[in-house]
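Reviewing the structure listed below.
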Amino acid sequence: MNIVGLYILHEGYLREVVSEVGDSFIIEIESEFLVVPKQAFPVYTLNDLSETE
């Protein structure tokens with residue numbers, strides 16, 4: 001399943017969520033994929049990122 005518009009803050013960088021498996025997200029970092037627990041990192045949407053107040 002592709003997840004559109006979700007990002008997590010991982011090691012100081014926003015990483016796009018490319019998929020999810022069970023209770024984990026899959027993110028891509030420099031052509032490698034990493035499985036991270038959903039509860040371990042803050043999750044942002046494109047709307048969250050576009051707000052500038």
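The values are calculated or read from the model by the stated rules, or taken from the named source; none is laboratory data. Model, not experiment: these values are computed from the prediction. Note: areas computed on protein heavy atoms with side chains; ligands, DNA, RNA excluded. Shrake-Rupley method; radii C 1.70, N 1.55, O 1.52, S 1.80 Å.
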Looking only at the stretch 16-28, which residues are open to solvent by 40 Å² or more (accessible area, probe 1.4 Å) and either in a strand (DSSP E or B) or of a type in the set (S, T, N, Q) (or both)? Glu16, Val18, Glu20, Val21, Glu28
Is at least one residue of the stretch 1-10 modelled with pLDDT of 90 or more, open to solvent by less than 70 Å² (accessible area, probe 1.4 Å), more than 8 Å from the chain's Cα centre (by Cα) and of a type in the set (A, V, I, L, M)? no
